[in-house]
Structures are given as structure tokens and as C-alpha cells.
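Please read the structure below before turning to the comments.
What follows draws every value from the coordinates through simple rules; no lab data is involved. If you're wondering where the values come from, they're calculated on a predicted model, not measured in any experiment. Positions of Cβ are backbone-derived with ideal geometry, glycine not excepted, and every protein chain shown enters the neighbour counts.
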Amino acid sequence: MNVTRGFAGRPRVRNDGLPPGQYDARDDWPVLSAEVTPELATSQWTFTVDGLVAEERTWSWDEAHALPPSAYEGDIHCVTSWSKFGVRFSGVSLDAFLDLARPAAEATHAVAYSHTGYTTNLPLADLTGGRAWIVWEYGDEPLPAEHGGPARLIVPHLYFWKSAKWIAGIRLLDHDEPGFWEQNGYHHRGNPWEEQRYSGD
Amino acid sequence: MSSTTSTPSPAAAPATRFAVPGRIAVSNRAAATWQRATLTEVRRETPYASTFRFAVPAWAGHLPGQHLMLRLRAEDGYVAQRHYSIASPPDDDGHVELTLDHVDGGEVSGWFHTVAKPGDEVELRGPLSGFFAWPGDRPALLIGAGSGVVPLMSMVRHHRARNLTVPLRLLVSARGPEELIYASEYGPETTTVFTRSAPEGVAVGRVAAAHVARLLADAPDGGWEAYVCGSNGFAEHASRLLVDAGQPVDRIRIERFG
Ligand SMILES: Cc1cc2nc3c(=O)[nH]c(=O)nc-3n(C[C@H](O)[C@H](O)[C@H](O)COP(=O)(O)OP(=O)(O)OC[C@H]3O[C@@H](n4cnc5c(N)ncnc54)[C@H](O)[C@@H]3O)c2cc1C
């Protein structure tokens with residue numbers, strides 16, 4: 001690409017934690033959902049693991065909170081180019097839910113779905129091994145509704161549209177099945193370190 | 001680009017309450033390829049916003065409501081990229097127009113407002129995302145604030161250019177008349193709302209339940225497809241008013257500028 005005449009950009013800050021094409025949003029936390037923010041009470045919230053599992057399971061708010069707590073501390077990266085450093089989300093590791101539902105041997109992919117009908121697809125391997133959580137706290141506060149509260153999925157090693165807000169369940173499949181943004185031209189995997197923003201990247 | 005409506009496949013879409021399907025299938029090749037764009041014209045819209053017109057010879061075409069990604073490169077290889085909605089209608093062969101607010105301290109918008117001049121080259125890729133696209137088929141109720149009017153103006157321009165008869169209404173909010181983007185282009189389809197200062201005899205205030213109620217009362221058979229665009233704060237406010245007034249959540253599309 002050619003140099004843009006007269007463009008200097010901000011003073012460079014060396015930051016090894018910043019994937020290519022991303023910038024540090026600092027205290028900002030932009031909201032980019034395409035649907036109306038739902039008013040979802042914790043008493044209405046449920047989380048289900050279904051599809052190719054030994055036992056389909058659904059947890060209520062209280063039942064999910066009875067599982068062993070787990071937190072993510074680290075960075076998040078949005079496809080619109082902002083990253084946020086040193087955030088903390090608390091909830092339960094997705095492994096705890098999957099272990100109870102017992103994925104079938106043929107399960108290779110998953111679709112995460114929300115109480116709003118939002119969907120996003122992921123390889124199952126991106127959801128296991130301590131890399132994905134169902135979370136209800138940001139810092140020490142309940143997760144705000146516009147950021148996915150009462151509870152959202154987080155898969156922080158992928159672009160954040162994979163971290164479905166208002167999470168309702170995970171369906172295990174034996175094939176890949178594009179979700180909402182993936183049907184709208186976004187990449188199927190969304191690895192920020194390889195800049196997998198749009199399909200074809 | 002095809003204009004078929006994509007529907008979620010049954011396996012991936014369990015019983016849900018607010019699923020909003022995309023409007024069109026998007027071209028993956030257009031989304032993946034960076035193209036050179038030459039700035040041909042700059043038009044001032046308000047003291048804080050200007051329109052930038054680009055020649056993009058290989059532009060694949062777009063639908064009103066879509067956006068693109070634009071990048072600038074510094075001498076040392078440093079790249080800054082941002083999303084911008086497309087302001088121009090589709091029938092503008094090989095050209096696209098963007099309207100940018102001058103964001104205080106903004107890296108990309110700052111370059112456009114203080115350095116850019118006709119002849120400069122930038123790179124862009126797109127069009128992106130079929131979700132906020134309006135092919136000109138369904139009756140559309142458009143609600144925007146500030147630069148959130150940009151993708152909605154592409155829809156209004158398309159409606160006029162094609163002499164479409166499908167109903168279209170625009171509710172646009174600005175801080176004051178001097179900050180209203182595209183002020184000279186609005187017609188009878190548009191209601192303006194001023195939040196800080198207004199001409200003599202015009203009320204000052206936010207987009208309110210009464211505005212939305214009037215527009216919903218005026219809905220054609222089958223109702224409106226609602227498109228809401230602006231800051232997150234505005235999008236939350238306007239979408240909440242729509243829901244409270246009875247607009248179905250699965251017929252509200254929201255583009256938030258972050
Ligand atoms: C889908 C979509 C469509 C959009 N369409 C439009 C449109 O049509 N028109 C439009 O005007 N905008 C639009 N936007 C917003 C646009 O993408 C940019 O966010 C906007 O132009 C600001 O970019 P910038 O580089 O000028 O500012 P940035 O450099 O991103 O700065 C934004 C703010 O953050 C501060 N900041 C950020 N990083 C730093 C840092 N490292 N150090 C110090 N301060 C910092 C700046 O001071 C400034 O106040 C759209 C956004 C999206 C997601």
C-alpha cells in the first residue's frame with residue numbers, strides 16, 4: 001500500500017499485546033450490537049448446552065452460580081479495531097458446563113446463541129481447555145445490559161463478536177454453521193493475531 | 001452482489017425471540033480486497049462535518065446502509081483503519097462519498113479535516129455487512145442523530161434517484177440547525193429534531209415518544225422496517241422508544257458508531 005500524503009498518525013506506542021490493525025481504547029468500551037438491548041431479568045435467564053452431547057442440560061441463574069467460579073483477566077479485541085487491556089470478567093469456565101453435558105466424540109463445532117436470537121459459530125476446540133467463560137461480572141460490578149448482561153459468553157482469544165452477549169446456549173454440531181455476522185461477511189474463526197476480520201482474510 | 005435475503009439455517013437458530021435476519025448476501029471478495037480510492041472533492045456540510053468524494057474505479061457497488069473500512073498509512077508503515085458508512089446512493093458509478101465528523105484529537109478524521117485535498121489517495125475495502133442494508137423494498141422508518149444520518153441519507157437518495165414509491169420516513173436529530181448534516185437535501189419525508197438550539201418558533205428537545213408515535217401511527221400495511229443509527233447512547237434511546245411504541249424488536253436494525 002502507498003504512503004498516505006501527510007499522514008503521521010499518533011505517536012507510536014510499542015505494545016506487544018496489540019494485534020495488527022488494533023488500537024488501545026483505554027477507558028472506552030464501545031457498544032456495537034445490531035439489535036435492541038434486551039431487558040432480561042436474572043430470573044428469566046437460562047443457559048443450555050445441547051446438540052451433540054450425552055445429556056442436554058439447562059442451568060438457571062442460581063444453578064449456574066453454584067458451579068466453581070472462574071475469572072478471565074487479560075485483553076479483549078473487537079473487529080472494529082479497538083482493544084481493551086487488563087479487563088476482568090468473572091463467572092464460570094465453559095468447561096464446567098461442557099463437562100456436565102459431555103460432548104459426543106463427533107462434535108467438532110458449536111453455535112453460541114443468545115436470548116436475542118444472535119448466533120455465532122466457533123470450532124469446539126476454541127471453547128474448551130480454559131479459553132471460554134460464561135460471565136456475569138465486569139470488574140466487581142454486574143455486567144451491564146448493553147455489554148451482554150445479565151450473562152455473556154467470552155472467548156477472549158478471538159474477536160469479540162464471537163463472545164455472544166445475552167448468552168442462552170451452546171449447540172454442538174459435527175460441522176461448521178455460520179452465525180449472524182458470519183452470514184454477513186465476517187470471518188468464520190476471527191483470530192485477531194491473524195487479522196481474520198472478513199471472510200477471505 | 002446478489003440481493004437474496006439470507007435466513008438463518010434451522011440447525012443454528014433454535015427457538016429465539018428477537019432474531020433479525022440479514023437483508024442481503026454480501027460479497028466476500030469485495031470485503032477482502034483493499035482498493036485504491038482517489039479523493040476528488042471535499043464539500044463542507046457543517047462546521048464539524050465534511051463530505052469526501054472518492055473515485056474508486058473497481059468499486060463493486062453497494063446497497064444503501066452499508067459501510068466500508070478505510071485505512072491510511074504513514075511513512076514508517078504504521079496503518080490506521082476505521083469504519084465509515086457510505087453516504088452516496090448505489091447509482092454513482094465508480095464513486096463513493098463519506099461524511100466524516102471532525103473528532104477532537106481523531107487520528108483518521110483529523111487527517112481528513114486538516115490535511116486531505118483532492119488528488120490524495122487512501123485505501124478502502126467493502127462494502128461490508130448486509131445487516132443494515134436497505135435494498136429499497138420494504139417500507140422504511142429511518143432514525144438517526146449527528147453523523148448517524150449518513151447511511152440513512154444513502155437510503156433517502158436511493159429512494160429519490162430511483163423514484164421508489166415504497167414509503168420512507170426520516171427522523172433526524174442534530175444539536176442545532178447549523179450542525180444538521182445535509183440540511184438542504186431534506187424533503188417532506190423528513191422530520192428534524194434539535195436538541196440544543198432551534199430556529200425561532202421551533203421546539204428544542206430530544207427525539208421523544210410523541211415523534212415515534214406519530215410515525216408508527218402513519219405506518220403502511222405490514223408496518224415499518226426500522227433503521228436506527230448514531231452513537232450508542234442515541235441508539236439505545238431511540239430503539240427503546242420504538243419498542244415501547246410497539247415496533248417489533250425483530251424489525252429494528254441498529255448501526256452503532258461505537
Ligand atoms: C459501522 C461504523 C460506521 C461509521 N460511520 C461513520 C460515519 O459515517 N461518519 C463518521 O464521522 N464516523 C463514523 N464512524 C466512526 C469512525 O469509525 C471513527 O470512529 C471516527 O471517525 C473517529 O476516528 P478517528 O481516527 O478520527 O478518531 P480516534 O483516533 O479513533 O479517536 C477517537 C477518540 O478517542 C481518543 N483516542 C483514541 N485513541 C487514543 C490514543 N491512543 N491516544 C489518545 N487519544 C485517543 C481521541 O482523542 C478521540 O477523542 C463509524 C463507525 C462504525 C463502527
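Annotations for the structure displayed:
- Qualifying residue in segment B:123-142 (condition: in contact (Cβ under 8 Å) with a residue 24 or more places away in the chain, in contact with a Cys (Cβ under 8 Å, 6 or more places away or on another chain) and of a type in the set (Phe, Trp, Tyr)): yes
- Segment A:128-157: number of residues that are surrounded by fewer than 24 Cβ atoms within 10 Å (Cβ to Cβ) and in a loop (DSSP other than H, G, I, E, B): 13
- Residues that are within 10 Å of the ligand (Cβ to nearest atom) and within 27 Å of B:Gly233 (Cβ to Cβ), drawn from segment A:8-26: A:Arg10, A:Tyr23, A:Asp24, A:Ala25, A:Arg26
- Filter result (within 8 Å of chain A (Cβ to nearest Cβ) and among the aliphatic types (A, V, I, L, M)) within segment B:239-258: B:Leu242, B:Val243, B:Val249, B:Ile252, B:Ile254
- Which listed residue, of A:Glu73, A:Glu39, A:Glu63, A:Glu35, is loosely packed, with under 14 Cβ neighbours inside 10 Å, touching a strand residue (DSSP E or B) at 6+ places or on another chain (Cβ under 8 Å) and among the charged types (D, E, K, R): A:Glu73
- If you go through segment B:149-202 and pick out every residue that is away from the ligand (no atom under 16 Å from the Cβ), among the aromatic types (Phe, Trp, Tyr) and farther than 18 Å from B:Phe234 by Cα, you end up with 1.
- Test: residue in segment A:166-173 that is closer than 21 Å to A:Val36 by Cα, small (Gly, Ala, Ser), within 14 Å of another protein chain (Cβ to nearest Cβ) and in contact (Cβ under 8 Å) with a residue 24 or more places away in the chain: yes
- Each residue in segment B:83-133 was checked for being under 17 Å from the mean Cα position of the chain (by Cα), more than 10 Å from the ligand (Cβ to nearest atom) and surrounded by fewer than 20 Cβ atoms within 10 Å (Cβ to Cβ), and 3 of them qualify.
- Qualifying positions in segment A:6-31 - touching a residue at least 60 places away in the same chain (Cβ under 8 Å) and among the aliphatic types (A, V, I, L, M): A:Leu18, A:Val31
- Residue match in segment A:81-94 (condition: in a loop (DSSP other than H, G, I, E, B) and either in contact (Cβ under 8 Å) with a residue 12 or more places away in the chain or more than 15 Å from the ligand (Cβ to nearest atom) (or both)): yes
- As a summary of the residue check, A:Ala96 satisfies the conditions (1) out of contact with any Phe, Trp or Tyr (no Cβ under 8 Å at 6 or more places or on another chain); (2) within 25 Å of B:Arg251 (Cβ to Cβ) except for the one numbered (2).
- Residue within segment B:212-219 that is out of contact with any strand residue (DSSP E or B) (no Cβ under 9 Å at 6 or more places or on another chain) and part of a helix (DSSP H, G or I) present: yes
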